[in-house]
1. Tell me, please, whether a residue that is more than 24 Å from A:GLU66 (Cβ to Cβ), in contact with a Leu (Cβ under 8 Å, 6 or more places away or on another chain), at pLDDT 90 or above and of a type in the set (D, E, K, R) can be found in region A:152-172.
2. Identify all residues within region B:1-21 that are acidic (Asp, Glu) and at the interface with another protein chain (Cβ under 7 Å from one of its Cβ atoms); write none if there are none.
3. Being under 17 Å from the mean Cα position of the chain (by Cα), outside the structural domain of A:ALA135 (by TED's automatic domain parsing), at pLDDT below 85 and in a helix (DSSP H, G or I), is that true of even one residue in region A:75-95?
4. Please tell me if A:ASP11 is at pLDDT below 85 and in a helix (DSSP H, G or I).
5. Return the only residue of B:GLY133, B:GLY155, B:GLY175, B:GLY167 being modelled with pLDDT of 60 or more and within 14 Å of another protein chain (Cβ to nearest Cβ).
6. Return the total of residues in region B:1-35 being among the small types (Gly, Ala, Ser), over 22 Å from A:ARG151 (Cβ atoms) and either assigned to a helix (DSSP H, G or I) or modelled with pLDDT of 95 or more (or both).
7. Anything in region B:223-242 that is touching a strand residue (DSSP E or B) at 6+ places or on another chain (Cβ under 6 Å) and not hydroxyl-bearing (Ser, Thr, Tyr)? List them, or say none.
8. Give region A:127-157 a look and list any residue that's under 19 Å from A:LYS56 (Cα atoms) and within 7 Å of another protein chain (Cβ to nearest Cβ), or say none.
Amino acid sequence: MSNEVFTQLVDAHYAPLYRFALSLAKRPADAGDLVQQTFFIWATKGHSLRETSKAKSWLFTTLYREFLHGRRRDIRVTLLEDLPPGESEVVAEDVDRATQMDAATVVAALQTVDEVFRAPLTLFYLEDLSYTEIAATLGVPIGTVMSRLSRGKTQLRAALAQEATAAKSKVVPFTGAQGRKQS
Amino acid sequence: MSNNEAKFVLGAYRANGRDAEDATFGAALAQAKNDPALGAWFVRAQAHDAAVAAKLREIVPPAGLREAILAGARASRAPKIERRFPTRWFALAASVAVLLTATLALWPSRAAAGTAQLAAFAINDTAHAQHGGHGEAAGALQVMLSQPVNRLSAGLPVDFTALRATGCRTLNFAGHDVLEVCFQRNGAWFHCYIVNCADFPAMPTGTGADFDQQAQFGSASWSDGVHRFVVVSNAGLGAVKRLL
């Protein structure tokens, strides 16, 4: 693969890969390392991939594997899978909340979602991969991806609501000049 | 299909419409079109998904990440050291000067001479060798070496035999194999040379690091008792010391 093609590959995918990595690793520095490591692996052996069209899936898969490789898999995964289906109801307030929040708060809420749901959920919201591609990336059946998306969205809505409540509680009512006059 | 089943399927339908042609969603989409309650739910769910996706797109990778990726890729393609020097004559002169200086300065001590000669060998190789031929095991070590949080003196996961067998660049020093792995950290290039302590019984083991500076090249040499390491960089001695 020529330098030019590699540069095009980096330009096309490093930003969504970083967002995915940030949702997994939580810390920007760790996310950056994961992305660099992923492209390093591509540069050293990924270029042997014959179908360049599969590069995107390969990069996301590799990043996810590198993340998993970096730490032991959460033993809660199995327990979480046994939970009943998530509450699928979405109310207008959920939509308003997500729209009005700033990006950092939404990402912070996303990072509180259990990892087993967070990985497919982030890939879904990046909108680069279809559910079948997400399934291939994470190495799980399609039905499992749908299930995890359903539960993950439920957790995310709850987390966003919690963030909103926390934000409200931090707001100190402004008493203004009147308050100072009374003292 | 019940509405709950339709919701389950439609939960995987991307808000940007890229799944519109996917037949998997056909029945559920048709049901949402005909069922007002399901339709209203789908509109809200899509709006929520679109809002979260938009927020995620606002996250910008840190400045310099792109450049670091591209530089790292160039590194993995076996950089040729000549590029960093204006002429081959300069490289030749520098290597001769380095060898002479190292030899003269460190001649007296026989025990130290082994270590110093290895360092001089490493500096000379860094100055004008063509690096390359890294195998899979070397790639893993290279990644580990490149991580800013890893302190090299804390120990390196070296399987000498595996590295040599899987294509790690192997040199010869005093009749014994020397492995070499290039890596980049904080924008600077480093070259790590590894020998088996058993091959060089005259070299001290388990002692602190020795440092040297020859021309623009800084080097550090230390041992973990099994291997002796020499790291060389043209970024200077300070950069090398910070690795440890």
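The values are calculated or read from the model by the stated rules, or taken from the named source; none is laboratory data. All figures in this text were calculated on a predicted structure; none of them were measured in a lab. Because the Cβ atoms are built from the backbone with ideal geometry, glycine has one as well, and the counts that use them run over all protein chains shown.
1. Yes: one or more hits.
2. B:ASP19
3. yes
4. no
5. B:GLY167
6. Number satisfying all stated conditions: 4.
7. Of everything in region B:223-242, those that are touching a strand residue (DSSP E or B) at 6+ places or on another chain (Cβ under 6 Å) and not hydroxyl-bearing (Ser, Thr, Tyr) turn out to be B:HIS227, B:ARG228, B:PHE229, B:VAL230, B:VAL231, B:VAL232, B:ASN234, B:ALA235, B:GLY236, B:LEU237, B:ALA239, B:VAL240.
8. Selection gives A:GLU127, A:SER130, A:TYR131, A:VAL145.
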